[in-house]
Amino acid sequence: MDTPGHADFGSEVERVLRSIDSVLLVVDAQEGPMPQTRFVLKKSLELGLKPMVIINKIDKPAADPARTEEQVLELFMDLGANDEQLNFTVVYAIGREGTAKMNLADEAKDLSPLLDAILKEVPIASIKADEPLRAQPFNLGYDNFLGRLAIARIYEGGIKTGQTVYVKTPRQNADNLGGQADALVRTGKIVKLFTFKGLSRQEVAEAGVGDIVMIAGLPDIYIGETICASAEQEALPAIKVDEPTIVLNFLVNNSPFAGREGKFVTTRQIRERLEKELEINVGLKIDFSGGDRFKVFGRGELHIAILLENMRREGYELQVSQPHVIIKEEDGVKTEPFEEITIDVPSEFQGAVIERLGQRAARMVNMKIHHNTVRLIFEGPTRGILGYRGQFIVDTKGEGIFASQVLGFRPYAGEITKRAVGSMVSMITGKASAFSLWNLQERGTLYILPNTEVYEGMVVGNTSKGEEMAVNPIKGKQLTNVRSASNDENIMLEPPFLMTIERGLEIMGEDEYLEVTPKNTRLRKEFLTEAERSRTKKS
């Protein structure tokens, strides 16, 4: 089971793992365990699951199954696996050919050895079929007609359409329901019941123990609650939802190009969309008390970027402010979120990575060298990682792998000095010309292509000296009847650093907004004219 090793997916991975009895850990016989493999395996071991290891691609020229198995064992020990988990089953496979075997010397014909191993190792779920119903939601869905849907696993008994059930909330999760004492036990009725077949869902009249079902009829259901047949039954252990780590503002787009592309552009429409998102996005928190500004709390840049990407595809147009990490005070101690960073890079780039992360208050806790590749593991504040991913790609020439996961809140790491770059701000509205961009690219990195529409106050690039610079990106070549060598020089433009939602959230400054529309992503100053920016700085 593999998933992107990013902090934003932490609780999603945990909730999915809670709905299964075993994990199939697929490892490449050439590459060994990847950073995302470490991320998922740690979650599964903490939940007490016993993974089965499949070493795939054993037919490749560079494959070394014995070394890969040893690396997996070391990884299990590093992550604190118990004796039972260390005694894992290993299956060797060639996925492309559809064959598997238990020993390297065996002859492989099909996937029967793998399927037999699953039947032998994975516990049978039907042993509690005769007991009263107990099911637990591990994810949420939403339907415009049925409302909130609970995606749950049935641990005991069975469930039927029209059945009256009791919902029990663990006390540590009661604040998600407003902290009401009487909300710890409440009743509901199953309106509709669905099971899954592939990627589609099928309506059924009843389901039994071990099934993954989608339940309609419980409008206030929440992840980690227990759906019981009677009020006397004990609730299942709660599922912890990771806390948000960053905060930023969502607001209406008020740039000169506002309303050109979006279908939903008003404060009311954005508010309704965010309220709908809260129905299923359990890691998101939103403060609507700011009038036309909505304070959104999320678990990392990727969590927010996915929400923005979904909104733009639906036709929404808005702008967001620079994200900041959430600083808390616990027992009089100032704390901030920390992350574990796992990096795989060619050995020639390790010095640059160690230096960059050292400047961002990250501490290296482990280093492993294999042939020409180095795996570096750091622990550092989320505040230092913000804005580093783009620089990491440049430092490693795109050959590095970066993964991180939240460790929790730890004491504040102090001031962090980052590389200062200034903004190249357009002083005029029009279409950018290749001649003007050719001259500007010597001052820093451009974010736009020729013929891109720009407006006054739009950020078209950055300056390497760290100073804000007003520029004219639409200026054309001066035409005369006098020829010279410089006039006939070819215009050669370097590839620009095109703006995306993820890049914008990383590089934007305190006084800038990221404008997100269905077709474009632009970076702009909060105050568009140079006079307004000067007055703001003086005040």
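Gln233 fails exactly one of the following numbered conditions: (1) over 23 Å from the mean Cα position of the chain (by Cα); (2) surrounded by fewer than 15 Cβ atoms within 10 Å (Cβ to Cβ); (3) over 30 Å from Phe527 (Cα atoms); (4) not hydrophobic (A, V, I, L, M, F, W, C). What is the number of that condition?
(2)
Any idea which of Asn481, Asn439 is in a helix (DSSP H, G or I) and at pLDDT below 90?
Asn439
Which members of region 300-351 meet the condition of being within 18 Å of Glu506 (Cα to Cα) and charged (D, E, K, R)?
The answer is Glu301, Glu309, Glu339.
Check Val394 against each of (1) buried (at least 17 other Cβ atoms within 10 Å of the Cβ); (2) part of a helix (DSSP H, G or I) and name the one condition it does not meet.
All conditions are met except number (1).
When the residues of region 30-51 are filtered to those that are in a loop (DSSP other than H, G, I, E, B) and touching a residue at least 40 places away in the same chain (Cβ under 8 Å), which remaining residue is farthest from Val374 (Cα to Cα)?
If we take residues in region 30-51 being in a loop (DSSP other than H, G, I, E, B) and touching a residue at least 40 places away in the same chain (Cβ under 8 Å), then Lys50 is farthest from Val374 (Cα to Cα).
State yes or no: is Ala105 small (Gly, Ala, Ser) and surrounded by 15 or more Cβ atoms within 10 Å (Cβ to Cβ)?
Considered against the rule, which asks whether it is small (Gly, Ala, Ser) and surrounded by 15 or more Cβ atoms within 10 Å (Cβ to Cβ), Ala105 comes out as no.
Tally up the residues in region 390-399 that are closer than 19 Å to Arg363 by Cβ and in contact with a strand residue (DSSP E or B) (Cβ under 8 Å, 6 or more places away or on another chain), please.
1
What tally of residues in region 274-290 results from selecting those that are outside any loop (DSSP other than H, G, I, E, B), small (Gly, Ala, Ser) and in contact (Cβ under 8 Å) with a residue 12 or more places away in the chain?
1
Table: residues versus (1) assigned to a strand (DSSP E or B); (2) of a type in the set (Gly, Ala, Ser); (3) under 14 Å from Val26 (Cα atoms).
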{"residue": "Ile58", "(1), (2), (3)": "no, no, yes"}
{"residue": "Thr68", "(1), (2), (3)": "no, no, yes"}
{"residue": "Gln71", "(1), (2), (3)": "no, no, yes"}
{"residue": "Glu74", "(1), (2), (3)": "no, no, no"}
{"residue": "Tyr92", "(1), (2), (3)": "yes, no, yes"}
{"residue": "Ala105", "(1), (2), (3)": "no, yes, no"}
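State all residues of region 312-347 that are hydrophobic (A, V, I, L, M, F, W, C) and not in a loop (DSSP other than H, G, I, E, B); if no residue qualifies, say none.
The answer is Leu318, Val320, Val325, Val333, Phe338, Ile341, Ile343, Val345.
Condition first: of a type in the set (S, T, N, Q) and farther than 23 Å from Ala361 by Cβ. Now tell me which residues in region 400-431 satisfy that.
Scanning region 400-431 gives Ser423, Ser426, Thr429.
Please go through region 367-391 and give me each residue that is touching a residue at least 24 places away in the same chain (Cβ under 8 Å) and either surrounded by fewer than 15 Cβ atoms within 10 Å (Cβ to Cβ) or in the same structural domain as Gly509 (by TED's automatic domain parsing) (or both), ordered by number.
His370, Asn372, Gly390
Looking only at region 202-216, decide whether some residue is at negative phi, touching a residue at least 24 places away in the same chain (Cβ under 8 Å), small (Gly, Ala, Ser) and not in a strand (DSSP E or B).
yes
Out of everything in region 87-102 that is within 15 Å of Ser22 (Cβ to Cβ) and hydrophobic (A, V, I, L, M, F, W, C), what residue ends up being surrounded by the most Cβ atoms within 10 Å (Cβ to Cβ)?
The extreme case among them is Val91.
Among the residues of region 289-325, what is the count of those that are more than 21 Å from Lys276 (Cβ to Cβ) and within 17 Å of the chain's Cα centre (by Cα)?
Total meeting the criteria: 5.
Identify the residue in region 43-81 that is closer than 22 Å to Val365 by Cβ and charged (D, E, K, R) and, among all such residues, is surrounded by the most Cβ atoms within 10 Å (Cβ to Cβ).
Lys43
State which residue is surrounded by the fewest Cβ atoms within 10 Å (Cβ to Cβ) when the search covers only region 412-444 and only residues that are under 20 Å from Thr529 (Cβ atoms) and within 33 Å of the chain's Cα centre (by Cα).
The extreme case among them is Gly422.
(1) in contact (Cβ under 8 Å) with a residue 24 or more places away in the chain; (2) out of contact with any Lys or Arg (no Cβ under 8 Å at 6 or more places or on another chain): which one isn't true of Tyr155, the others all being true?
It is condition (2) that Tyr155 fails.
The values are calculated or read from the model by the stated rules, or taken from the named source; none is laboratory data. Being a predicted model, the structure only gives us computed values, none of them experimental. All Cβ positions, glycine included, derive from the backbone under ideal geometry; neighbour counts span all protein chains shown.
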